[in-house]
1. I'd like the trypsin sites (Lys or Arg not before Pro) in the range 21-99 restricted to DSSP loop residues with at most 10 other Cβ atoms within 10 Å, sorted by number.
2. Using the Karplus equation 6.51 cos²θ - 1.76 cosθ + 1.60 (θ = phi - 60°), what ³J(HN,Hα) coupling, rounded to whole Hz, does each residue of the range 78-89 give in order, writing x for Gly and Pro?
3. Between Ile8 and Thr60, what FRET efficiency comes out of the Förster formula 1/(1 + (r/R0)^6) with R0 = 22 Å and r the beta carbon distance, rounded to 0.05?
4. Using DSSP to define loop residues, name the chymotrypsin sites (Phe, Trp or Tyr not before Pro) in the range 40-99 whose beta-carbon has at most 13 other beta-carbon atoms within 10 Å.
5. Nearest 20 debye, what's the magnitude of the dipole of the chain about its Cα centre given +1 on Lys and Arg Cβ and -1 on Asp and Glu Cβ?
6. Under 8 Å for C-alpha pairs, at least 6 residues apart: give me the relative contact order for the chain, rounded to a whole percent.
7. 222 nm [θ] for the chain, helices only, -39500 (n - 2.57) per DSSP H run of 4+, per residue, to 500?
8. Counting GluC sites (Glu not before Pro) as exposed when in a DSSP loop with at most 13 other beta carbons within 10 Å, what is the longest stretch of the chain free of them?
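None of the figures in this text is laboratory data; all of them are computed from the coordinates on show. Quick caveat, the model's predicted, so the values are computed rather than measured. Here Cβ is always computed from backbone atoms with ideal geometry, including for glycine, and neighbour counts include all displayed protein chains.
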Amino acid sequence: MGRVAAKIDANQPEIVEALRAVGISVQSLAEVGSGVPDLLCAVNSINFIIEVKMPGEHLTPKQKSWHRDWRGRTHVAYNIEQALMIAAMYRDFGCPAPM
């Protein structure tokens, strides 16, 4: 049986582009499924994860469970501004980059 193509929210490409434009490393995790958030991001030696949602959407039960059980940094962004605010926390207050 073939794998179903990953569904990404319509705002995800513009959010990825905006994050990369300010120096954030971004890897899409959309194909993983099982409630795993959409974007693995990093800056200043800190990894963080962003679930991208369209305005008005909510986390699915699988996503809620994943976020609850994950022991790392997770966030939800509904637009570019929110994603950039999340990234700024790590860019401005994070650890120095490795040599």
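1. Arg71
2. 9, 7, 4, 4, 5, 4, 5, 5, 4, 4, 4, 4
3. 0.95
4. When the chymotrypsin sites (Phe, Trp or Tyr not before Pro) of the range 40-99 are filtered for loop state and at most 13 Cβ neighbours within 10 Å, Trp70 remain.
5. 340 debye
6. Computed over the chain, the figure is 28 percent.
7. Result for the chain, helices only: -10000 deg cm²/dmol.
8. Result for the longest clean stretch: 58-99.
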